[in-house]
Amino acid sequence: MEFEAHGTPIQNFYTGQSIFITGGTGFLGKILIEKLLRTCPNISMIYLLIRSKKEKSPECRLDEIFEKPLFDRIKREVPNFHKKITPIVGDLDARDFGLSENDKNILITQTSIIFHVAANVRFFEHINIAITENVTATHTILKLAKRMPNLKSFIHVSTAFANCHVKHIEERFYSYPIKHKDLMTLIRNLPENQVEKKISTITSQWANTYTFTKAIAEGLLRDESGDLPIAIFRPSIVLSTANEPVAGWIDNVYGPIGITVAGVLGIARFHHCNGNVKANIVPVDLTVNALIVSAWDTFNQNRYDIMCITSL
């Protein structure tokens, strides 16, 4: 379908595009979907990877999400927005996401932009689970991306702290003492306690299993992306919205929010900190703005060199 270009360069880029999003039911993902459909209404379709949960179908889960105040504004401005979201049943833990052949073919033939947002963000998750959901899942979506003939941009959401073992972090790739292939082989062939024992010296350089596995996923993309139009997006600590679609929205107790709540309730009267250090905190709506623009920027690069983009 052809559309006339009357919007901004960003809106024109997204016009007629089909977008595959993982992690769309999470905090960052919800804001991403809302902003895309509200400000780029000529998007063709958003394919959303979603799993059944607590005996609720993907469709029921989506309906519940759309009832949140977060979507009140888009309901007024783009009433039929939900018609441009197609749930794709899948699970990060399953081989090839557990996709049906039909859904796999739809994604391969239709997708032109990927936002890989899904991740296990528990800091001290069991190593096998963290590797499966943060490394193996990235490998799975990369394999899909290589089969997509219309792919214009692939944005992998990492974290600004993936390379926290380095004193001064730059927007570039780093080398790691173990390869993603070796990690994935270990979790396939060894019990978790043996995996932890074998790589304990390596993982001790990182603060937790989350940052370690996100770093390894970056290495995977560096080594195996080939000439795909890929960028790695590294947000810092993402907190509540600053302005839109509603100011101050957050759907869980993330990071410093727990400290704030404890203070408001009078549970915590003080917190020891260094007043000379700036907190790496960014509002989720500003993060999503940068994420959306990153896909456009990746497509518009003169060469398809994989990029690292930090949002602080």
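The values are calculated or read from the model by the stated rules, or taken from the named source; none is laboratory data. What you are looking at is a predicted structure, and each value in this text was computed from that prediction instead of being measured. A quick note on method: Cβ atoms are made from the backbone with ideal geometry, for glycine too, and the neighbour counts reach across all protein chains shown. Please note that ligands, DNA and RNA were not included when accessible areas were found on the heavy atoms of the full protein model with its side chains. Shrake-Rupley method; radii C 1.70, N 1.55, O 1.52, S 1.80 Å.
Tell me, how many Å apart are the Cα centres for the range 31-102 and for the range 191-222? After rounding, the separation between the Cα centres reads 31 Å. When the scattering of the range 140-234 is computed by the Debye formula from its Cα atoms alone, each counted once and equally, what is log10 I(q)/I(0) at q = 0.14, 0.15, 0.21, 0.22 Å⁻¹? Relative scattering, expressed as log10 I(q)/I(0), comes to -0.57, -0.65, -1.11, -1.17.
Taking 8 Å as the Cα distance limit and 6 or more residues as the minimum spacing, I'd like the relative contact order of the range 237-292 as a percentage.
Working: 43 pairs, mean separation 29.5, N = 56.
Result for the range 237-292 is 53 percent.
Taking the Cβ of Leu220 as the centre, find all other residues whose Cβ is under 10 Å away and add up their charges (Lys, Arg: +1; Asp, Glu: -1). Intermediate values should be presented prior to the final figure.
On the way: positive: Lys179, Lys181, Arg222; negative: Glu218, Asp223, Glu224.
That sum, taken over residues with Cβ under 10 Å, equals 0.
Cβ-Cβ distance of Val253 and Glu196, R₀ of 35 Å, FRET efficiency by 1/(1 + (r/R0)^6): the value works out to about 0.80.
Using only DSSP helix segments of four residues or longer, with each worth -39500 (n - 2.57), what per-residue ellipticity at 222 nm results for the chain after dividing by its residue count and rounding to 500? Walk me through the numbers on the way to the answer.
Values: 12 runs with 121 residues, N = 312.
Mean residue ellipticity at 222 nm (helix-derived): -11500 deg cm²/dmol.
Return the FRET efficiency for the residue pair Lys53, Glu171: r is the Cβ-Cβ distance, R0 is 41 Å, and the value is rounded to the nearest 0.05. Numbers along the way, then the final one.
On the way: r = 36 Å, r/R0 = 0.87.
Working from the Cβ atoms, E equals 0.70.
Split the accessible area of the chain by element, probe 1.4 Å, and carbon with sulfur accounts for 52%. Per residue, the convex hull spanned by the alpha carbons of the range 41-148 comes to 126 Å³.
If you count only protein heavy atoms with a 1.4 Å probe, what accessible area per residue comes out for the chain, rounded to a whole Å²? The partial results should precede the final answer.
Numbers: 15770 Å² over 312 residues.
Accessible area per residue, the chain: 51 Å².
Where in the range 112-153 does the label zone of Lys104 land, with the point 7 angstrom along Cα→C-beta and an amide N cut-off under 11 Å? Under cut-off, by backbone N: 144. Over the range 1-90, the pair-distance histogram of Cα-Cα distances with 5 Å bins from zero comes to 3, 14, 25, 25, 18, 9, 5, 1, 0 percent, rounded to whole numbers. All alpha carbon pair distances within the range 182-303 were sorted into 5 Å bins beginning at 0; the resulting P(r) in whole percents reads 2, 8, 11, 14, 15, 14, 14, 12, 7, 2, 1.
Remark on the range 127-168: Rg and Dmax equal 13.5, 40 Å (Cα only). Listed by chain and number, the aspartates and glutamates placed with their C-alpha closer than 14 angstrom to that of Lys83 are Glu34, Glu59, Asp63; residues fewer than eight positions away on the same chain are left out.
Counting charges near Pro41 (Lys, Arg +1; Asp, Glu -1) among other residues having Cβ under 10 Å from its Cβ returns a value of +1. Considering only Val277, Leu239, Ser294, and ranking their Cα positions along the charge dipole of the range 189-312 that arises from unit charges at the beta-carbon of Lys, Arg, Asp and Glu, the one farthest toward the positive end is Val277. Extending 7 Å from Cα along the Cβ direction at Ile281 and again at Ala262 yields two label points whose distance is 1.5 nm.
Quick one: plug the Kirkwood hydrodynamic radius of the chain (C-alpha pairs) into Stokes-Einstein at 4 °C, 1.567 mPa s, and report D in µm²/s. Don't skip to the answer; put the middle values down first.
Details: Rh = 20.5 Å.
Approximately 63 µm²/s, per Stokes-Einstein.
Find the relative contact order for the chain and round it to a whole percent, using C-alpha pairs within less than 8 Å whose residues are 6+ positions apart. Mind showing how you got there, number by number?
Working: 478 pairs, mean separation 60.5, N = 312.
Computed over the chain, the figure is 19 percent.
Basic side chains Lys and Arg get +1 at the Cβ, acidic Asp and Glu get -1 at the Cβ, and with that the dipole of the chain about its Cα centre reaches some 380 debye. Within the straight-line cut-off of under 20 Å between alpha carbons, the lysines reachable from Lys181 are Lys143, Lys146, Lys197, Lys198, Lys214, sequence neighbours fewer than 8 places apart in one chain being disregarded. Placing unit charges on each Cβ (+1 for Lys and Arg, -1 for Asp and Glu) gives the range 68-186 a dipole about its Cα centre, and among Ser100, Met184, Val166 the Cα reaching farthest toward its positive end belongs to Ser100.
What's the local net charge at Lys56, with K and R +1, D and E -1, over the other residues with C-beta under 11 Å away? The partial results should precede the final answer.
On the way: positive: Arg51, Lys53, Lys54, Arg61; negative: Glu55, Glu59, Asp63, Glu64.
Overall, the nearby charge balance is 0.
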